[in-house]
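Below is one structure, written out as structure tokens; the observations come after it.
Throughout, read-outs are computed from the coordinates displayed, never taken from laboratory work. Owing to the predicted nature of the structure, the values given are computational and were not obtained by experimental measurement. Because the Cβ atoms are built from the backbone with ideal geometry, glycine has one as well, and the counts that use them run over all protein chains shown.
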Amino acid sequence: MNPACDSPLDLVYRDASIIVVNKPAGLLSVPGRGADKQDCQSARIQKEFPDALIVHRLDMATSGLMVFARGAEMQRRLSQMFREREVEKRYVAVVAGRVESVAIADSPPGGSIHFPFVLITSDLTAVIWQSSRMASSSISAARSAVYRRSERETLTANGSVGWSEVNLPIVADWPNRPLRKIDVESGKPSLTRYRVLEYEKIVHPSIHHGERSFVTTRVELEPVTGRTHQLRVHMAAIGHPVLGDTLYGGEAGASAERLLLHAGVLGFAHPLNEAPLAWVSEPPF
């Protein structure tokens, strides 16, 4: 049974214009085809807030922050903000291998909301968020991993805080839908920024072969563009698939009990009064 089926609505913030929730992994964002795919985040939220309308989506396997508009006019304004890249989105992922970050900047240039934000915490109290690095610190604080292991050794990331880029065009892989693929000729421009947060050494005991270990990297990701499966496709394309990714991960797909990808930061100017707002959700892994 899908554990997301029994997850209560995780309401992070609401006012007369917007609603922010934490979507659990394993729950669709919107209804799919067939009677068995009608349970989704949008349907659940509309039971309590009938005026809630979808603005963006997260993959079924991805957990984290989603914003819903209250009414058609707020949906139009928020959708325009997403199209014009006026929304700050950050993810945390655990990927296979040791990512060697090639720093190009200390912070993502362009297309980002300027700090400080007003950070809305889960108990709906507001504090001033003075630095984007506070978000990374908060996000990386959760350390209860869901993938199978007997021991974890945190490795130093050598102070690597600079951002690197994956700039590879993505197109639908029509014969293998819903997969996407890199295609330099017909793909749509797709840009992901990432930086290393830390390295982790996972150790597995083995009856026949002694201990077996492998290194993973916890990264922060910023999808500058918003292609379907973009973060998963890009990380796999550079040789570091997300753990638990059964679509693009290969052997890494079996290395976790769920996709280790979480939408941890969401920020934008309020569509009604332009007050700068942001939310942080710590990953459950």
- Item | Packing-based ranking, highest mean first, of 10-19, 27-36 given that Cβ atoms within 10 Å are counted | 10-19, 27-36
- Cα-based Rg / Dmax (Å) for the range 160-285: 17.2, 63
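Students often get this wrong, so check it: of Lys47/Lys181; Lys89/Lys181; Lys89/Lys188, which have C-alpha atoms separated by over 28 Å? Can you show the working numbers first?
Working: Lys47/Lys181 36 Å; Lys89/Lys181 22 Å; Lys89/Lys188 20 Å.
The pairs that break the limit, which is 28 Å between Cα atoms, are Lys47/Lys181.
Taking the Cβ of each residue in Val224, Val184, Val21, Val265 as the centre, tally the other Cβ atoms inside 10 Å and list the residues starting with the fewest.
Values: Val224 20, Val184 8, Val21 23, Val265 26.
In order of increasing Cβ crowding within 10 Å: Val184, Val224, Val21, Val265.
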- Query: Which order do Arg76, Arg177, Arg232 fall in if you start with the one that has the fewest other Cβ atoms within 10 Å?
  - Reply: Arg177, Arg76, Arg232
- Neighbour-count ranking for Trp163, Trp279 (other C-beta within 10 angstrom, fewest to most) reads Trp163, Trp279
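Can you give the convex hull volume per residue for the Cα atoms of the range 1-84, as a whole number of Å³?
It comes to 98 Å³ per residue, whole-number rounded.
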- Query: Hull surface divided by four, with the convex hull built on the Cα atoms of the range 28-74: how many nm²?
  - Reply: 3.5
- Message: Run the simple label-point estimate for Val203 and Trp174 please: 7 Å along Cα→C-beta, distance reported in nm.
- Response: 5.2
- Estimated inter-spin distance, Glu165 and Phe214, nm [label 7 Å along Cα→Cβ]: 3.1
- Message: If you take every DSSP beta bridge fully contained in the range 1-84, what fraction is antiparallel? Give it as a percent rounded to 5.
- Response: 95
- Provide the FRET efficiency to the nearest 0.05 for the Asp36-Glu274 pair, computing r from the beta carbons and using R0 = 51 Å. 0.75
- Task: For His56 and Arg85, compute 0.36 nm times the residue count separating them, minus their Cα-Cα distance, and round to one decimal in nm.
- Result: 9.2 nm
